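Please read the structure below before turning to the comments.
Taken together, the values in this text are just the output of simple stated rules run on the coordinates, not laboratory data. Given the structure is predicted, the values throughout are model-derived calculations rather than measurements. Positions of Cβ are backbone-derived with ideal geometry, glycine not excepted, and every protein chain shown enters the neighbour counts.
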2 protein chains.
Amino acid sequence: MSKEQLSVIKIGGAVIEDPEKKAAFIEGFLAVEGKKILIHGGGRVATEIGNKLGIKANMVDGRRVTDDDTIDLVTMVYGGLVNKQMVAELQGKNANAIGLTGADASIITSVKRPVRDGVDYGWVGDPVKVNDAFLADILTAGAVPVVAPLTHDGKGHIFNTNADTMAGTVALAMAERYDVNLMLTFELEGVMKDVDDPDSLITEFKEPFFKEMKASGAIHSGMIPKLENSFEALHNGVKTVRICKYDQIHTTNGSFLQI
Amino acid sequence: MSKEQLSVIKIGGAVIEDPEKKAAFIEGFLAVEGKKILIHGGGRVATEIGNKLGIKANMVDGRRVTDDDTIDLVTMVYGGLVNKQMVAELQGKNANAIGLTGADASIITSVKRPVRDGVDYGWVGDPVKVNDAFLADILTAGAVPVVAPLTHDGKGHIFNTNADTMAGTVALAMAERYDVNLMLTFELEGVMKDVDDPDSLITEFKEPFFKEMKASGAIHSGMIPKLENSFEALHNGVKTVRICKYDQIHTTNGSFLQI
């Protein structure tokens, strides 16, 4: 039986920080019909503000190590500045946005990422539980959740969390109630055979092909967990997963994942 | 006819910044039965962080003038850091807190404060409209709204807003649906005849007496708009207004306003 549609849309922090790109994204976002949830990344503004506050970014393999000062910094910047500016802007365009972190109404609970290969990422959490009932309640009330890349452990601690992972986790948790369409946006048109060739877009990106590319090392390592997360969502009831350019969410352009 | 009870509780930023006082407040807050809304102030941490970022606090008559940099600063600090830390802490104690600004789901819309006596307060807004239906929806869903002292104009702009005024406005807007008990907390026991004499607490603070004190100059000027706001709430259907110490909200101590 067909259920009501829900779009879960992830946008990167770098796009939000660029006024022109942000405007193009918002135009598409407003044109997406039906219920929708926006999950946004963090972006470089946290590093800039951190530098002024004397909080140095400490990156290991492209991931931010989140010490006590850094979790306060990203709580301010992602949960406050980036999130509320997006909310106010959407409100100004008649979308009834409500800005949330995973801690709010406990919409996303996570566990601290375990120390691996001697690296302790600090206050970084991996999502384990979604308050799907509450999200459904506020969607029914007509609100559009705008979620910052922060979660909590339910014991009083806030965690820095990967926005792509949050999007996949939310999509999966909502799949029982809705026909969920998950969209992960990038600056590229989608999954490309050759990033330098715009004509090499893979419109139907099949899981066996993904596994081949992964085995051959043809996919950038940072993309692997995102794609694995997305294929898992498809295997668990999410209706569609599409990877597309940030200004194409209201179209059907990009790469649809297929299992 | 008696309606369901709703407590609207205002806490100052200075109390939240003091770990011991914050803990005492939270203990009382958890003990307040039934539906509740917490509205918190900003506090000095914004000034400290602003100083590090090179954003100077510009105060006129004890009020912060909010320029472009300052509204970004308070959006980060009040809407992100202060609000989300309170939310995570309450979640850790099994209160289903949800952190919001006035922009979120447009719960509080305001208008820019007009220039008076040549003073332009910048991005400072005075509340004009409350989305009482949405607040009622999330209270029914079991959430506890925790509101930062920020509002919006519905046109894309965030405003710095006085937390006492917000509390009075929210209490009044919710009075049609609930029996609303408004509590404004301070570091004192309540309204005192003599601030240096703890035995001078006025337990029943009557409006004619307030007008006398106001006329004679016996009340500090900063208190006048807060008290006028509170008496107005009583005249417009709010059931009780109590001014009390931050750790006494679960008791009946303090000063009850009477019209």
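What nm distances, shortest first, do you get from the label point of B:A133 to those in the other copies when the point sits 7 angstrom along Cα to Cβ?
2.5
For A:F209 and B:D67, what is the calculated FRET efficiency with R₀ set at 41 Å and r taken between the beta-carbons, to the nearest 0.05? Let's see the in-between values first.
Details: r = 54 Å, r/R0 = 1.31.
My answer for the efficiency is 0.15.
Can you give me the relative contact order of region A:25-88 as a percent, contacts being Cα pairs under 8 Å and 6 or more apart?
Taking the mean separation of contacting Cα pairs over the length of region A:25-88, I get 31 percent.
Given the peptides A:43-54, A:100-111, A:139-150, arrange them by the average over their residues of other C-beta atoms within 10 Å, most packed first.
On the way: A:43-54: 15.8, A:100-111: 27.1, A:139-150: 23.2.
So the peptides A:43-54, A:100-111, A:139-150, ranked by packing, come out A:100-111, A:139-150, A:43-54.
If one computes P(r) from the Cα atoms of region B:5-258, what percent of pairs lie at distances over 27 Å?
34
Can you list, largest first and rounded to whole Å, the semi-axes you get for region A:107-259 by taking the square root of 5 times each eigenvalue of its Cα gyration tensor?
On the way: eigenvalues 146, 90, 36 Å².
Equivalent-ellipsoid dimensions as semi-axes: 27, 21, 13 Å.
Once the dipole of region A:112-259 is set up with Lys and Arg at +1 and Asp and Glu at -1 on Cβ about the Cα centre, which of A:L135, A:T252, A:F231 lies farthest towards its positive end?
Result: A:L135, furthest along the dipole toward the positive end.
Along Cα→Cβ at 7 Å, what distances in nm separate the B:K3 label point from those on the other copies, shortest first?
Ordered by distance, the counterparts are at 3.5 nm.
In B, who owns the beta-carbon nearest the axis carrying B over to A, and how many Å from it?
Its Cβ sits closest to the axis: B:G80, 1.
Add -39500 (n - 2.57) for each DSSP H run of 4 or more in chain A, then divide by its residues: what number comes out at 222 nm, to the nearest 500 deg cm²/dmol? Please list the in-between numbers first.
Numbers: 9 runs with 89 residues, N = 259.
So the helix-based figure for chain A works out to -10000 deg cm²/dmol.
7 Å from Cα along Cα→Cβ at both A:N94 and A:E48: what's the point-to-point distance in nm?
According to this spin-label approximation, the distance is 3.2 nm.
From the P(r) of the protein assembly as shown, can you give the percent of Cα pairs sitting at distances over 32 Å?
Working: 57852 of 133903 pairs.
Taking all Cα-Cα pairs of the protein assembly as shown, the fraction more than 32 Å apart is 43 percent.
Need one number: % antiparallel among DSSP beta bridges in region B:5-258, to the nearest 5. Present the calculation step by step, with values, prior to reporting the outcome.
On the way: 14 of 44 bridges.
Rounded to the nearest five, the antiparallel share is 30 percent.
Treating the beta-carbon of each Lys and Arg as +1 and of each Asp and Glu as -1, no other charges, what is the dipole magnitude of the protein assembly as shown about its Cα centre, to the nearest 20 debye? Mind dumping the intermediate values first?
Values: 54 positive and 70 negative charges, 94 e Å.
Once rounded to the nearest 20, the dipole reads 460 debye.
How large are Rg and Dmax for region B:160-238 when calculated on the C-alpha trace, in angstrom?
Both quantities, over Cα of region B:160-238: 13.3, 40 Å.
Normalising by the residue count of region B:74-146, find the relative contact order in percent from Cα pairs under 8 Å and 6+ residues apart.
32
State the Cα centre-to-centre distance between region A:7-33 and region B:125-144 in whole Å.
So the two Cα centres are separated by 27 Å.
Please report the spacing between the Cα centers of region B:221-259 and region A:182-249 in Å, no decimals.
Spelled out, the Cα-based centre of one part sits 57 Å from the other.
If one computes the Cα centroid of region A:104-123 and of region A:155-180, what distance in Å separates the two points?
Each part's Cα centre sits 14 Å from the other's.
Return the single residue from B:R177, B:R116, B:R242 with maximal mean-square fluctuation; model: Gaussian network over chain B, springs between Cα atoms under 10 Å.
Greatest mean-square fluctuation among the candidates belongs to B:R116.
Say R0 is 41 Å: what FRET efficiency, to the nearest 0.05, do A:A31 and B:A14 get from their beta-carbon distance? Don't jump to the answer; show the numbers that get you there.
On the way: r = 45 Å, r/R0 = 1.11.
It comes to 0.35.
Over chain A, what relative contact order in percent results from Cα pairs under 8 Å that are six or more residues apart? Present the calculation step by step, with values, prior to reporting the outcome.
Details: 511 pairs, mean separation 59.2, N = 259.
Rounded, it is 23 percent for chain A.
Name the long-range amide H neighbours of B:N96: under 5 Å, sequence gap of 5 or more, or other chain; modelled H, no Pro or chain starts.
Amide H neighbours of B:N96, under 5 Å, 5+ apart: B:V144.
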